[in-house]
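Below: one structure, written as structure tokens.
The values are calculated or read from the model by the stated rules, or taken from the named source; none is laboratory data. These numbers come from a predicted model, not from an experiment. All Cβ positions, even for glycine, are placed from backbone atoms using ideal geometry, and neighbour counts span all protein chains on display.
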Amino acid sequence: MKSIIVMAQTEACPNAAQNLQKAAAAVKEAAALYHGNMIIFPEVFMDSHPIGTPRETVISTAQSLDGPFVTGMRALAKESHIWMVFGMTERTGNPADDRSFNTTVILNSEGEIVSTYHKTHMYDAFGVKESDTYVPSDQLFTPVDTPFGRIGLMVCYELRFPEIARSQALQGAEILIVPAGWVKGDLKSHHWKSLLTARALENTIYVLGCDLYSKDSYMGESMAVDPMGVSIASAGEGSCLIPCYIDTDRIRAVREKLPCWANRRPELYTL
């Protein structure tokens, strides 16, 4: 099954209304240039804050799923007849905990919410403590069927946990989407590209990593990897669109000549 998935490597800001305008421009360009079936925006695209922003400021920009940003994105998806994936800061509705959810939303081409996911593994690393701001979920994403393949999902820091990607693949995911806000730093580019490649190759599926970009905080360098571990699309710094030409029939072809999926012996490594 062939499709075109466009990654929107975006320089987002804390203002949701401005980011909605950026989304509209990106969708228009993706449709005109690439005739995309789906467009992916990065982690917390709705209200991205620079690293080091006080937690109270981050929490203050959270919205609900029926708020103006998601409502606007739904209208945009329906108008453009395109599937969408995007990140946001979502209100929990829990008065006992002022933190928010780090949420990823999937919309179909009718503008309907197909699924939402609350990030499970918080970025409490490299001197950052994301769990001060976001409530971690205790449930991984359940892959969803689309007209162009079964979609799995993991978010940013979760790329470092191979169990999550394997869980998605075991549930039939053919295309694993990774919205991210990968922070700049020593060896971070090497980690990002190596992990995307490893998650694709070890599961013989497509992995698409769509990253935020900013001059000071976020790296960019979005990349798509095919089931053989080959980069099929990538970007450097800056805001840009990256078209990814996907053919899920390649998964079967790769697994026929590289049968590591069939050769697994889970009885030996299930704890």
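In table form, for the structure just shown:
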item: Residues that are in contact (Cβ under 8 Å) with a residue 60 or more places away in the chain and touching a helix residue (DSSP H, G or I) at 6+ places or on another chain (Cβ under 7 Å), drawn from segment 40-64; result: PHE41, GLU43, PHE45, ARG55
item: The one condition in (1) under 19 Å from the mean Cα position of the chain (by Cα); (2) crowded, with 17+ Cβ neighbours inside 10 Å; (3) more than 24 Å from GLN18 (Cβ to Cβ) that PHE101 fails to fulfil; result: (3)
item: Residue count, segment 228-271 (criterion: within 28 Å of LYS188 (Cα to Cα) and touching a helix residue (DSSP H, G or I) at 6+ places or on another chain (Cβ under 7 Å)); result: 4
item: Condition check for TYR213: over 11 Å from the mean Cα position of the chain (by Cα), more than 22 Å from TYR117 (Cβ to Cβ) and hydroxyl-bearing (Ser, Thr, Tyr); result: yes
item: Subset of segment 201-256 [surrounded by fewer than 16 Cβ atoms within 10 Å (Cβ to Cβ) and modelled with pLDDT under 95]; result: LYS215, ASP216
item: Residue match in segment 120-127 (condition: surrounded by fewer than 20 Cβ atoms within 10 Å (Cβ to Cβ), within 22 Å of VAL70 (Cβ to Cβ) and without any contact (Cβ under 8 Å) to a residue 60 or more places away in the chain); result: yes
item: Tabulated pairs, segment 260-271, first free of Cβ contacts under 8 Å to residues at least 40 places away in the same chain, second surrounded by 10 or more Cβ atoms within 10 Å (Cβ to Cβ) and not polar (S, T, N, Q), C-beta under 7 angstrom, 6+ apart or interchain; result: ALA262/ARG255
item: Members of segment 1-30 found to be among the hydroxyl-bearing types (Ser, Thr, Tyr) and in contact with a helix residue (DSSP H, G or I) (Cβ under 7 Å, 6 or more places away or on another chain), listed by number; result: THR10
item: Test: VAL70 is under 30 Å from ILE4 (Cβ atoms), of a type in the set (Val, Ile, Thr) and either modelled with pLDDT under 95 or out of contact with any Lys or Arg (no Cβ under 6 Å at 6 or more places or on another chain) (or both); result: yes
item: Those strands (runs of 3 or more DSSP E) lying entirely in segment 106-176 with at least 3 residues within 15 Å of the chain's Cα centre (by Cα); result: 113-118, 149-153
item: Every pair of residues 6+ apart whose Cβ atoms lie under 6 Å, when the first sits in segment 172-201 and is on the phi > 0 side of the Ramachandran plot while the second is surrounded by fewer than 20 Cβ atoms within 10 Å (Cβ to Cβ); result: GLY172/ARG150
